[in-house]
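Structure record follows, encoded as structure tokens.
What follows draws every value from the coordinates through simple rules; no lab data is involved. This one's a predicted model, so the numbers in the text were calculated from it and none came from an experiment. Neighbour counts run over all protein chains shown; Cβ positions are idealised from the backbone, glycine included.
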């Protein structure tokens, strides 16, 4: 009985890997987290990417001559396993590797791919130091933490906030560094930091922290945090519960249906995200196509983000006009103003973290209201 | 002073949740010597049950009942399918079995339900706040404290006033003698799992009410905290588990409140250090059961 279950499971994973590649196929190796803590980000990204790959292959492959083959392997959200999987994918002849949506496993995989001279793109790692830690064959596919922070800081200054309190968690680079980048950008523009609090991710208890904020005199003008589920809902519930009405700024981690389900608690919260579907925008059209394809509206921007990764690969290989990994790397590094469904994407002139549009969204009566969209002034972006 | 009282209240509420969780672990451990690391997945199951019951249109109180019922059934199934076949095996085997159950359930949740969190619409009334003078107490925190006390009281009555409860206490003392008395081991163990399921269900409900969503991995952290609390209290001792839960909650909140800002990132390290200090003085935990030396 137990053996049968195991066979079934391993069979299911074997079925995910595709047939051997043809001579002119682009082989993309995907070291993705389909289980574990990163699965919530990698799964939707993969689904979006697969949709784009299907479209490309239906049209005869990239530039009509390079059909895409994928080899998908689960990393279980484990960095060591990601490195192992990356090596297997390199050995299997992948010309391009996709790594999970986080800097740590992406660095682990990057150590392998950099040495092998194969370009690697992280689904959505946001830590701007990722390409610095790996090298010139490492890229990411998402607006970096410091870019989001600069947008939020510009908004804070425009809103007339003079003092800000940041809430960080040392448990991840994202929850620690993004608010700190915000603090840097905000003070550089004349704001002042009123304090920094910390929390443990997943603990859901903010009683002690909230009591401290409530006792601050004067209270800060704004609170900025990159906390996301389950911490953000618990924090905002306890903060408002303690009678603190200070405005809150958040980042893309809270762009999820749970946040919008919190009702009055999140009224007025402004957060940064990778895309906003304005009327007539490519993202709105993409969302409609996705809904038609799956029967359900996309619940996260990561699906469109994965779809755009397919477009990046297509453009890079078209520019390279070859399947040579080094040429593909150069193709990615020279992309400029590529139109994705989430906006324009530029790698040229960066170290590997793309310049992409960031949207600021305000939650109003459970709906999204666009506050700002675009890229911050490069001079305002804190150094990684 | 007001701030200190408020922090005490915070500690009471956090400690209450830990106590509920640790009690769930201790009830099972006291009977069959198993630390059930899949206890957290029982919380997750409760969350999903409540979530889907609400989606099907059940009113909130009914959805909560359904969630608790599902937790109890899931705990019983866990016992029947995974733990009964290895009952009496070494502690290591039991421990690894519970890790396996937990890992399998998480992967099933991720691949059959969704890897992404699913929102649970918690009634707005649960976001309310009770203000007593200068003190604020969130509705959910208040309910945590009340529910913890009710569960503790109920469990105490059950263990001392009912036949099944007495059988469980006897089983914790000496399982072999209990069987010699003609009591069915299976039903005693099943009762323990049912109680642990109910405790996990209640803790799961409070946990989900706080976060407003269910995700496949949400049980991981609470069960770890429960384990620490149960260790401080003395594994296998029910009152110890409760004391351990409250002590852990107290330590965490007080450290968060009074550590200097530069040391705050190390709060969990300090909390664990204090736990180690407690264990140095009481290696068996605060309220350890006195195990007679077998000759």
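Annotations for the structure displayed:
- For chain A, the longest principal axis of the C-alpha atoms and the axis of helix A:79-91 are separated by about 30°.
- Mean Cβ count within 10 Å, highest first, over the residues of peptides B:157-168, A:109-120, B:58-69, B:108-119: A:109-120, B:108-119, B:58-69, B:157-168
- By definition, a body whose alpha carbon gyration tensor gives a ≥ b ≥ c is oblate when a/c is 1.5 or more and a/b is not larger than b/c, and region B:188-295 fits this oblate description.
- Relative contact order %, chain B, counting alpha carbon pairs below 8 Å whose residues are six or more apart: 35
- Annotation: Cα Rg of region A:76-116 relative to the compact-globule expectation 2.2 N^0.38 Å equals 1.00.
- Average other protein chain Cβ within 10 Å of Cβ, residues B:204-217: 5
- The mean number of partner chain beta-carbon atoms within 10 angstrom of a residue's beta-carbon across peptide A:33-39 is 5.
- Against the rule of thumb 2.2 N^0.38 Å, how large the Cα Rg of region B:37-152 comes out: 1.32
- Estimated distance in nm for a label pair at residue A:188 and residue A:324, the labels positioned 7 Å out from Cα along Cα-to-Cβ: 3.8
- Using alpha-carbon coordinates, inclination of helix A:282-294 to the longest axis of chain A, degrees: 60
- For the segment A:331-337, counting C-beta atoms of other chains within 10 Å of every residue's C-beta and taking the mean gives 0.
- Relative contact order [Cα under 8 Å, 6+ residues apart], region A:107-174, whole percent: 28
- Stretched out straight at 0.36 nm per residue, the stretch from residue B:4 to residue B:108 would grow longer than its current Cα-Cα span by 33.0 nm.
- Here the simple spin-label model places points 7 Å from the Cα toward Cβ, and for residue B:224 and residue B:181 these points are separated by 4.0 nm.
- In terms of its alpha-carbon gyration tensor, region A:113-210 comes out oblate; a/c meets the 1.5 threshold, while b/c is at least as large as a/b.
- Value of [θ]222 nm, deg cm²/dmol, for chain A, DSSP H segments ≥ 4, -39500 (n - 2.57) each, nearest 500: -13000 deg cm²/dmol
- GNM on chain B, alpha-carbon springs under 10 angstrom: the most fluctuating residue among B:244, B:24, B:33 is B:33.
- Of the beta bridges in the protein assembly as shown, as assigned by DSSP with both residues counted there, near 45 percent are antiparallel.
- Residue B:160-residue B:266 FRET efficiency (beta carbon distance; Förster radius 56 Å; 0.05 resolution): 0.85
- 0 to 90° range, to nearest 10: angle between helix A:302-320 axis and chain A longest Cα axis: 50
- Modelled this way, with points 7 Å down the Cα-to-C-beta line, the labels at residue A:334 and residue B:80 are 6.7 nm from one another.
- Each DSSP beta bridge with both residues in chain A is either parallel or antiparallel, and the antiparallel ones are about 35%.
- Working from the Cα coordinates of the protein assembly as shown, the gyration tensor eigenvalues give, after taking √(5λ), semi-axes of 45, 32, 22 Å in decreasing order.
- Ranked by the mean number of other Cβ atoms within 10 Å of their residues, highest first, the peptides B:213-224, A:30-41 fall in the order A:30-41, B:213-224.
- The per residue volume of the convex hull around the alpha-carbon atoms of region A:308-384 is 113 Å³.
- Chain B shape via C-alpha gyration tensor axes, a/c threshold 1.5: oblate
- Semi-axis lengths, Å, region A:160-291, gyration tensor of Cα atoms, sqrt of 5 times eigenvalues: 27, 18, 14
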